[in-house]
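A.B. asks: Just dropping this structure here.
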Amino acid sequence: MQRLQIIGYIGQDAEVKDLGHNQVINFSVAVSESYVNKTTNEKVTNTTWYECAKWGNNTSVAQFLKKGTQVLVEGKPTARSWQKEDGSLVSILGVSVLNLSLLGGAKSENSSTTAPQQAQPQNDASAPATEQSN
C-alpha cells in the first residue's frame, strides 16, 4: 500500500458532509517549500495543495480544522484529472486520511482558532489531539 505523509497548513475551514450511513470531513492542506535560485539569487517558494477527505462517523475533530492551522496528515494518495470545456487540463492531488494530528496554532496571528494543545476529542478528555482511523 502507498502511504503519504504531509505537514502543512489548512487552506479553509473543514466542511463536514453527512452521507446518511457515513460522514466525511473535507479540507485542503498547503505544503510549501522554499529555496534560493542560484542563478538569480532570488527566493522561490513552491506550494502544493492537497484535497483531504477523512471518512468516518467521528467528525468532532472538524471543529479544530480551521484555516491556517498546521497539521500532519497521513493517508493514501489519490489523484484526479479531467479536461475542462476550454481544453485545459485540471489535476488534483488528494489524500484519503488515515491519521490526522494537529501540530501547532494558526499561521496568522489574528486567527481565532483554538490552540491544539487544548483541543481534546469530546468523548475522552485524556486522549491526545490526534485523530486516527484504520
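A.B. asks: Does the stretch 32-72 hold any residues that are in a strand (DSSP E or B), of a type outside the set (Phe, Trp, Tyr), touching a Ser or Thr at 6+ places or on another chain (Cβ under 8 Å) and touching a residue at least 60 places away in the same chain (Cβ under 8 Å), and which are they?
C.D. replies: Correct list: LYS54, THR69, VAL71, LEU72.
A.B. asks: Would a scan of the stretch 8-15 turn up a residue that is open to solvent by less than 60 Å² (accessible area, probe 1.4 Å), of a type outside the set (A, V, I, L, M, F, W, C) and over 15 Å from LEU98 (Cβ atoms)?
C.D. replies: So far as the stretch 8-15 goes, yes, one or more of its residues are open to solvent by less than 60 Å² (accessible area, probe 1.4 Å), of a type outside the set (A, V, I, L, M, F, W, C) and over 15 Å from LEU98 (Cβ atoms).
A.B. asks: Answer yes if at least one residue in the stretch 83-96 is at pLDDT 95 or above and either more than 21 Å from VAL16 (Cα to Cα) or of a type in the set (Lys, Arg) (or both), and no otherwise.
C.D. replies: no
A.B. asks: Here is a follow-up. Any chance you could count how many residues in the stretch 7-31 are over 17 Å from GLY68 (Cα atoms) and assigned to a strand (DSSP E or B)?
C.D. replies: Matching residues across the stretch 7-31 total 5.
A.B. asks: Consider ARG80 against the criteria (1) open to solvent by 80 Å² or more (accessible area, probe 1.4 Å); (2) among the charged types (D, E, K, R); (3) in a strand (DSSP E or B); (4) closer than 20 Å to GLN12 by Cα: it satisfies all of them except one. Which criterion is unmet?
C.D. replies: (4)
The values are calculated or read from the model by the stated rules, or taken from the named source; none is laboratory data. All figures in this text were calculated on a predicted structure; none of them were measured in a lab. Heads up, the Cβs are rebuilt from the backbone with ideal geometry, glycines too, and the neighbour counts pull from every protein chain shown. Just so you know, the surface numbers come from the protein's heavy atoms only, side chains and all, with ligands and any DNA or RNA stripped out. Shrake-Rupley method; radii C 1.70, N 1.55, O 1.52, S 1.80 Å.
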